[in-house]
Amino acid sequence: GNMRALPALANFLEQVSGEGVRRTAVEALAQVAEKGDEAVLFTMKKMLREKDVGVRLAAVRAMAKLAEEGDQEVLEEVSSMLLDEEPCVRLAAVQALEKVDEDNSKQVMEMVCACMADPDHSVRTVTVEVVKRMSGKGDEVVLASACVHMEDPDPGVR
């Protein structure tokens with residue numbers, strides 16, 4: 001079955017050189033691995049450091065799909081991607097944090113709220129939507145962050 005193929009696929013992922021092939025392998029691994037598979041998550045963490053944006057993007061999405069809710073290690077790794085040079089990776093990291101952080105912890109909320117100031121329009125817009133879903137009424141962290149962005153020149157952020 002699939003479970004015997006996983007170590008081989010994870011090993012292949014680390015050996016293969018073409019970015020397109022690596023991205024496809026990351027996506028395939030995310031499809032067949034079971035939620036919480038530590039070995040696959042470990043491999044995905046390595047893929048977050050790849051120079052190819054497609055590989056990093058696929059790894060962030062895979063971690064969001066495979067991580068157990070509240071997995072602190074995954075939350076830390078994914079939150080580091082909020083600083084990625086590519087907007088699509090930062091955007092995927094915001095969405096991944098929402099998915100993995102079931103408790104809407106204050107620490108994660110603060111990191112996500114900070115993305116409302118992202119230089120990229122699409123990251124800011126998605127962040128506002130994610131923050132709306134993650135926050136409860138009267139959430140002080142969110143209210144403070146939102147107030148700062150009420151003056152944003154972009155109407156999609158306001």
- Sort out which residues of the range 10-24 are over 11 Å from MET47 (Cα atoms) and either modelled with pLDDT of 85 or more or of a type in the set (Phe, Trp, Tyr) (or both), and write them in order of number. PHE12, THR24
- Conditions: (1) within 11 Å of the chain's Cα centre (by Cα); (2) crowded, with 21+ Cβ neighbours inside 10 Å. CYS113 meets all but one. Number of the miss? (1)
- Message: Condition check: at pLDDT below 95 and out of contact with any helix residue (DSSP H, G or I) (no Cβ under 9 Å at 6 or more places or on another chain). Does GLN72 satisfy that?
- Response: yes
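The values are calculated or read from the model by the stated rules, or taken from the named source; none is laboratory data. All values reported here derive from a predicted model rather than from experimental measurement. In this analysis, Cβ positions are derived from the backbone assuming ideal geometry, glycine residues included, and neighbour counts consider all displayed protein chains.
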